[in-house]
């Protein structure tokens, strides 16, 4: 075989892989469908309701978006990593309950409770991930079980310890003011009060985007979601990556839990049920594939913003808020279909 | 056949056992066996791999080829026998372990993550980083540049390493995986049925890359069920059947016909002819099988 000596001819350029224009490349981005949807929705509400574009209204919309968006960051990363988490909604409340109940009943500075809540939130994430990796069950089942157990624990423990369905008010305790300043204050920008969660949300999105696009861990997240077996075969620590993702979701839950606690001073133990779907919806609208391996943190943020706009826009347009859920469902369906079409088109060209 | 003759010295590249000063194999298996519960998946397999040589592992479905590579690649551990790398006995506990020992595997179906860009796939698990501490980030530009360069060296001309690897053809994907293994300094390259899902032309392309990897001094383990693919590129041939080794040959000791005959299994063909006759099979078919049996008997010298 003499071909070993001659340099092989370059493989014939594949006619199916033509040069893509920058526009088509843009269309290939996961969040583009959501971006188009967000613009359409914004223009729509701006036309229907003049108050919608007022700075104060925008700040309110951003605040509403941030309470979903903070969780959507973690959930988006997790979904890119090929898993999803149904326990997020109640895990947020578990975290808030831990902080308030601990610091109240042990009479500590609330920051001790906040630190303990972080440990609890990360542990919930770790346990979710660890059971998933050990049993190889679908994450739907594992996190559904965690969801039910946490719902029960939130209600049961709160009543057992305090004899009530809500945690005691911690407003008068040491450290409450400083914790409120960190988790639930407002910043005045040109006379408009913007909640601090908006900035936390933006910061988290920036960090998550950097991690995804520019770090090894980001590469691993795409890989474990895209094809876990292939990732394992080339030496990617699949288990550690997935467990880490669940813990990142736990971290986001901790931030939101602390916000919920310090925005008021007490937590209702039965809250949070159903919110997990809002986070997943935000991530899906933002272009994260349910099957994993594709998506972006910015997409999740846009998804959350769409949610915030729809939620508040209905109020500003003075419609009956009863329509909100229908609207949300319709948005989800449309966004997913648009994502699908855009993605297919971009990949074909 | 081979453009450059490989003698014992060049192929071992003067690697010697530090104690006995005798030449050692890059990778050698001696009586390796594997059980899954009470199922004996592999028993008593002996083979060797050397620098600049291609060792072919041939066998039909269920012959134990996959089990064999899983042991060498670190996905499974063998239960008996000895696996040596550079003369040192090893038992790999994970794919990472095997990779660190210089053993890279290109899998037939799970070589790459289809939705990820080519350059991300190329460096997956071994990303280049710059910076330090928590601000360590990937050196994206350099990684793209190296990917483009390495693929060009393998003869794949790509304009855009950003495109998802799933858009490449099967052969090209195999080649990216091979180029990746070569770039990351693999000493042993395991190719799991790289030509199985490919057409004739694409198979030829992949076979060419196998020879290129060999000429770069890698020890190649080429797993296939096609003797026509194995014979032109192989230096040694290990034949597996039902988890057992049924032959281990040097290229000079065997011809393509003999290899094919061994693969097909003369005895089984004879049995098949008999069975077809009993079932009242079509005369022509039976005759064809019988002539095949005669051919096999002739080439192997066994009177079936």
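The values are calculated or read from the model by the stated rules, or taken from the named source; none is laboratory data. Bear in mind the structure is a predicted one, so any value in this text is a computation, not a measurement. When we count neighbours, we look across all protein chains shown, and the Cβ atoms used for this are built from the backbone with ideal geometry, even at glycine.
Quick grid of which residues meet (1) at pLDDT below 80; (2) more than 12 Å from chain A (Cβ to nearest Cβ); (3) part of a helix (DSSP H, G or I); (4) in contact with a strand residue (DSSP E or B) (Cβ under 9 Å, 6 or more places away or on another chain):
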site: B:146; (1), (2), (3), (4): no, yes, yes, no
site: B:155; (1), (2), (3), (4): yes, no, no, no
site: B:186; (1), (2), (3), (4): no, no, no, yes
site: B:190; (1), (2), (3), (4): no, no, no, yes
site: B:214; (1), (2), (3), (4): no, no, yes, yes
site: B:223; (1), (2), (3), (4): no, yes, no, yes
query: Applying the selection to the stretch A:184-217, what residues are within 9 Å of chain B (Cβ to nearest Cβ), touching a strand residue (DSSP E or B) at 6+ places or on another chain (Cβ under 8 Å) and not in a loop (DSSP other than H, G, I, E, B)?
result: A:210, A:214, A:216
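Please work out which residue is surrounded by the most Cβ atoms within 10 Å (Cβ to Cβ), limiting yourself to the stretch A:53-106 and to residues that are assigned to a loop (DSSP other than H, G, I, E, B) and free of Cβ contacts under 8 Å to residues at least 24 places away in the same chain.
Ranking the candidates gives A:54 first.
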- request: Go through the stretch A:230-243 and give me each residue that's assigned to a helix (DSSP H, G or I) and either within 14 Å of chain B (Cβ to nearest Cβ) or under 18 Å from residue A:273 (Cα atoms) (or both).
  value: A:230, A:231, A:232, A:233, A:238, A:239, A:240, A:241
task: Just give me the residues in the stretch B:62-94 being within 14 Å of chain A (Cβ to nearest Cβ) and over 16 Å from the mean Cα position of the chain (by Cα), in sequence order.
output: B:76, B:92, B:93, B:94
message: Given the condition touching a strand residue (DSSP E or B) at 6+ places or on another chain (Cβ under 8 Å), buried (at least 16 other Cβ atoms within 10 Å of the Cβ), under 30 Å from residue A:116 (Cβ atoms) and touching a residue at least 40 places away in the same chain (Cβ under 8 Å), answer yes or no: does some residue in the stretch A:304-314 qualify?
response: no
statement: By residue number, the members of the stretch B:97-135 that are more than 27 Å from the chain's Cα centre (by Cα) and more than 7 Å from chain A (Cβ to nearest Cβ) are B:128, B:130, B:131, B:132, B:133, B:134, B:135
- prompt: Looking at this structure, is residue A:287 touching a residue at least 40 places away in the same chain (Cβ under 8 Å), within 14 Å of chain B (Cβ to nearest Cβ) and buried (at least 23 other Cβ atoms within 10 Å of the Cβ)?
  reply: yes
